[in-house]
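S.K.: A single structure is presented below for examination.
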Amino acid sequence: MAYTNKVTISAAVATMMLFLAVTIVDAQSMPPMPKFNPVCALADLPNIVQLCYFNLDLTPSEECCNDLKSSSTIQVNCLCDNFIAHPSNGNISQARYDLVNSACGVADKFACKGIF
(Lines give C-alpha, C1' and ligand atoms only; values in the text may rest on other atoms or scores of the structure.)
Protein backbone atom coordinates (compact mmCIF):
# COMPACT_ATOMS: atom_id res chain seq x y z
CA MET A 1 0.00 0.00 0.00
CA ALA A 2 1.38 3.39 -0.99
CA TYR A 3 1.53 6.05 1.64
CA THR A 4 1.20 9.70 0.73
CA ASN A 5 2.18 12.28 3.21
CA LYS A 6 -0.79 14.61 3.02
CA VAL A 7 0.68 16.96 5.62
CA THR A 8 3.81 17.59 3.50
CA ILE A 9 1.78 18.23 0.37
CA SER A 10 -0.56 20.57 2.25
CA ALA A 11 2.39 22.44 3.76
CA ALA A 12 4.03 22.80 0.33
CA VAL A 13 0.83 24.15 -1.21
CA ALA A 14 0.30 26.59 1.69
CA THR A 15 3.89 27.82 1.45
CA MET A 16 3.58 28.32 -2.30
CA MET A 17 0.35 30.28 -1.87
CA LEU A 18 1.96 32.47 0.80
CA PHE A 19 4.95 33.29 -1.44
CA LEU A 20 2.62 34.04 -4.34
CA ALA A 21 0.50 36.38 -2.21
CA VAL A 22 3.57 38.26 -0.96
CA THR A 23 4.88 38.61 -4.52
CA ILE A 24 1.57 40.02 -5.77
CA VAL A 25 1.33 42.55 -2.93
CA ASP A 26 4.97 43.68 -3.42
CA ALA A 27 4.48 44.09 -7.17
CA GLN A 28 1.41 46.29 -6.64
CA SER A 29 3.12 48.59 -4.16
CA MET A 30 6.28 49.27 -6.21
CA PRO A 31 6.54 52.61 -8.03
CA PRO A 32 6.86 52.41 -11.81
CA MET A 33 10.42 52.14 -13.04
CA PRO A 34 11.67 54.23 -15.95
CA LYS A 35 12.23 52.46 -19.24
CA PHE A 36 15.88 51.46 -19.58
CA ASN A 37 17.37 51.28 -23.04
CA PRO A 38 19.79 48.31 -23.18
CA VAL A 39 22.18 50.39 -25.29
CA CYS A 40 22.69 52.60 -22.22
CA ALA A 41 24.46 49.73 -20.49
CA LEU A 42 27.28 50.15 -23.00
CA ALA A 43 27.38 53.97 -22.88
CA ASP A 44 29.93 54.27 -20.00
CA LEU A 45 27.53 56.37 -17.94
CA PRO A 46 28.73 55.39 -14.46
CA ASN A 47 32.11 57.05 -15.06
CA ILE A 48 30.55 60.31 -16.26
CA VAL A 49 27.99 60.37 -13.45
CA GLN A 50 30.63 59.60 -10.80
CA LEU A 51 33.18 62.08 -12.16
CA CYS A 52 30.80 64.96 -12.81
CA TYR A 53 27.72 64.75 -10.63
CA PHE A 54 28.69 62.81 -7.49
CA ASN A 55 31.77 64.95 -6.99
CA LEU A 56 30.59 67.77 -4.72
CA ASP A 57 33.18 70.36 -5.77
CA LEU A 58 31.61 73.67 -6.74
CA THR A 59 33.57 73.72 -9.98
CA PRO A 60 33.61 70.56 -12.12
CA SER A 61 37.00 69.22 -13.17
CA GLU A 62 38.43 69.73 -16.63
CA GLU A 63 38.17 65.97 -17.22
CA CYS A 64 34.47 66.10 -16.34
CA CYS A 65 33.81 68.96 -18.73
CA ASN A 66 35.77 67.26 -21.51
CA ASP A 67 33.76 64.06 -21.01
CA LEU A 68 30.48 65.99 -21.11
CA LYS A 69 31.52 67.98 -24.20
CA SER A 70 32.61 64.83 -26.06
CA SER A 71 29.56 62.77 -25.05
CA SER A 72 27.88 60.97 -27.91
CA THR A 73 24.20 61.40 -28.71
CA ILE A 74 23.56 57.98 -27.14
CA GLN A 75 25.30 59.03 -23.92
CA VAL A 76 23.34 62.31 -23.79
CA ASN A 77 20.04 60.50 -24.36
CA CYS A 78 20.87 57.86 -21.75
CA LEU A 79 21.89 60.48 -19.18
CA CYS A 80 18.72 62.45 -19.88
CA ASP A 81 16.39 59.45 -19.83
CA ASN A 82 17.85 57.62 -16.85
CA PHE A 83 19.43 60.22 -14.59
CA ILE A 84 18.55 63.84 -15.35
CA ALA A 85 14.84 63.19 -15.95
CA HIS A 86 14.72 60.90 -12.89
CA PRO A 87 17.09 62.42 -10.31
CA SER A 88 16.06 59.83 -7.72
CA ASN A 89 17.77 57.12 -9.82
CA GLY A 90 21.15 58.58 -9.00
CA ASN A 91 20.19 60.49 -5.87
CA ILE A 92 21.38 63.70 -7.52
CA SER A 93 19.35 66.91 -7.51
CA GLN A 94 18.27 68.76 -10.62
CA ALA A 95 20.15 71.81 -9.30
CA ARG A 96 23.40 69.78 -9.28
CA TYR A 97 22.89 68.72 -12.91
CA ASP A 98 22.17 72.32 -13.88
CA LEU A 99 25.23 73.64 -12.01
CA VAL A 100 27.66 71.17 -13.59
CA ASN A 101 26.18 71.43 -17.09
CA SER A 102 26.23 75.24 -17.01
CA ALA A 103 29.79 75.39 -15.63
CA CYS A 104 31.00 73.08 -18.40
CA GLY A 105 29.14 75.00 -21.10
CA VAL A 106 26.94 72.06 -22.08
CA ALA A 107 23.61 73.23 -20.67
CA ASP A 108 22.01 73.30 -24.15
CA LYS A 109 23.40 69.86 -25.05
CA PHE A 110 22.00 68.36 -21.83
CA ALA A 111 18.72 70.31 -21.77
CA CYS A 112 16.87 67.00 -22.24
CA LYS A 113 14.16 68.56 -24.36
CA GLY A 114 10.90 66.66 -24.35
CA ILE A 115 11.74 64.76 -21.14
CA PHE A 116 10.11 66.98 -18.51
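The values are calculated or read from the model by the stated rules, or taken from the named source; none is laboratory data. Predicted model, so just to flag it, every value in this text is computed and none were measured. All Cβ positions, even for glycine, are placed from backbone atoms using ideal geometry, and neighbour counts span all protein chains on display. Remember, those area values only see protein heavy atoms, side chains included, never the ligands or the DNA or RNA. Shrake-Rupley method; radii C 1.70, N 1.55, O 1.52, S 1.80 Å.
S.K.: If packing is taken as the mean number of other Cβ atoms within 10 Å per residue, what is the order of 65-75, 96-106, highest first? Intermediate values should be presented prior to the final figure.
M.R.: Details: 65-75: 15.1, 96-106: 17.9.
Ranked by mean Cβ neighbours within 10 Å, highest first: 96-106, 65-75.
S.K.: Is the range 37-91 rounded, prolate or oblate when judged by the Cα gyration tensor, a ≥ b ≥ c being the square roots of its eigenvalues, rounded requiring a/c under 1.5 and prolate requiring a/b larger than b/c?
M.R.: oblate
S.K.: A follow-up question, please. Could you put V76, V39 in order of accessible surface area, largest first, with the 1.4 Å probe and the full protein assembly present?
M.R.: Order by accessible area, largest first: V39, V76.
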